[in-house]
Amino acid sequence: MNIDMNTRARPADPTPCVIESRVKGVRLHMMREVRDARGDLCAAEVGRDVPFLVRRSFMIYNVPSAETRGEHAHRVCAQFLMAVRGSVRVLADDGSQREEFCLDRPNLGLYLPPMIWGIQHGYSHDGVLLALASDLYDPADYIRDYAQFLAAVRAGKDAA
């Protein structure tokens, strides 16, 4: 058997990296990649990269660049966002700190814990956002008004 060493899989970055955000609980994950002549591979492992059991997934695409998505928070559900094609900007807000992230390659994942206001905007013309969610869809879990979100954040801090 003849093995061409140039076509063997080699990790581009064997060590995943997690960057903590100034927004409470939000983390940017740079996941491991394997690159070779056949194409690139990036894996997101539940429990290692995705910090929850995935109960739902959905994709957002064909978003006109001037439009925004999200504009809500979840009371219980956590999300892990990845731009599997193109790019998208994500604003994360915990009620006192905000930070914007550019998801512009498939090996970047953004963890949004519950009670983080999230806005996705600036989709590239070919942008596809994959969202992994910790919970099944429940309309009661959504906070869609920013003033109500801020009130809920304040109430949570007062209860602590």
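The values are calculated or read from the model by the stated rules, or taken from the named source; none is laboratory data. Predicted model, so just to flag it, every value in this text is computed and none were measured. Don't worry about glycine lacking a Cβ; one is built from the backbone with ideal geometry, like all the others, and counts go over all protein chains shown. Keep in mind that these areas ignore ligands, DNA and RNA; they rest on the heavy atoms of the full protein, side chains included. Shrake-Rupley method; radii C 1.70, N 1.55, O 1.52, S 1.80 Å.
Note on the stretch 40-160: dipole from Cβ charges, positive end direction compared against C42, L110, V54; the farthest Cα belongs to V54.
Give me the Debye-computed log₁₀ of I(q)/I(0) at q = 0.14 Å⁻¹ for the chain, equal point scatterers on Cα only, no solvent, two decimals. Debye output, listed in q order: -0.73.
Take every Cα pair under 8 Å whose residues are at least 6 apart in sequence, average their separation, divide by the length of the stretch 62-160, and the relative contact order is 39 percent.
Between the amide H of H72 and those of G118, distances stay under 5 Å, these residues lying 5 or more places away or on another chain, with hydrogens modeled in the peptide plane. Taken as Cα centroids, the stretch 19-52 and the stretch 103-160 sit 18 Å apart, rounded to the nearest whole angstrom. Residues in the chain average 58 Å² of solvent-accessible surface per residue, probe 1.4 Å, ligands and nucleic acids excluded. Charging the Cβ of each Asp and Glu at -1 and of each Lys and Arg at +1, and nothing else, the dipole of the chain about its Cα centre rounds to 180 debye. Compared with the direct C-alpha span, the chain from D145 to V18 gains 42.7 nm at full extension, assuming 0.36 nm per residue. Taking the longest Cα principal axis of the chain as reference, the axis of helix 146-159 is set at about 80 degrees. In percent, how large is the relative contact order of the stretch 86-135, given Cα pairs closer than 8 Å and 6 or more residues apart? With pairs under 8 Å counted, the relative contact order is 47 percent.
Got a sec? Charge dipole of the stretch 34-160, +1 on Cβ for Lys and Arg, -1 for Asp and Glu; which of A147, H74, A133 is way out at the positive end? Value computed over the given set: A133.
Of the accessible area of the chain, computed with a 1.4 Å probe over protein heavy atoms only, carbon and sulfur atoms account for 51 percent.
Charged side chains reduced to their Cβ positions (Lys and Arg at +1, Asp and Glu at -1) give the stretch 55-134 a dipole of some 320 debye around its Cα centre.
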